[in-house]
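**Student:** Would you mind keeping the following structure in view while I ask a few things?
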Amino acid sequence: MDIAKLSMSMSSINTSSAYGVAMLSKSLDTASATGNQIVEMIDSSAMERSVNPAVGSNFDMYV
């Protein structure tokens with residue numbers, strides 16, 4: 001077995017693995033930020049309902 005080919009193959013695998021881990025980390029950071037934004041949106045809507053409980057609770061429509 002050629003040592004140079006084996007070394008290049010192992011280096012390629014390590015690089016590919018490191019890239020995959022970095023992309024997964026970035027995806028997790030993005031998902032975490034999105035989750036935090038959703039929680040903030042829910043909290044802000046709950047705050048609006050506590051200040052104005054009648055706003056948005058009824059919908060009257062006439063045809």
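The values are calculated or read from the model by the stated rules, or taken from the named source; none is laboratory data. Source: prediction; values computed, not measured.
**Student:** Between M8, M41, M1, which is over 13 Å from the mean Cα position of the chain (by Cα), at pLDDT below 90 and not in a helix (DSSP H, G or I)? It would help to see each step written out before you state the result.
**Tutor:** Details: M8 fails: not in a helix (DSSP H, G or I); M41 fails: not in a helix (DSSP H, G or I).
M1 is the lone residue from the list that is over 13 Å from the mean Cα position of the chain (by Cα), at pLDDT below 90 and not in a helix (DSSP H, G or I).
**Student:** If you go through the range 18-33 one residue at a time, do you hit one that is modelled with pLDDT of 75 or more and among the charged types (D, E, K, R)? Can you show your working first?
**Tutor:** If we filter the range 18-33 for residues that are modelled with pLDDT of 75 or more, which is where we start, we get 18-33.
With among the charged types (D, E, K, R) added as a condition, the list becomes 26, 29.
Yes: the range 18-33 contains one or more residues that are modelled with pLDDT of 75 or more and among the charged types (D, E, K, R).
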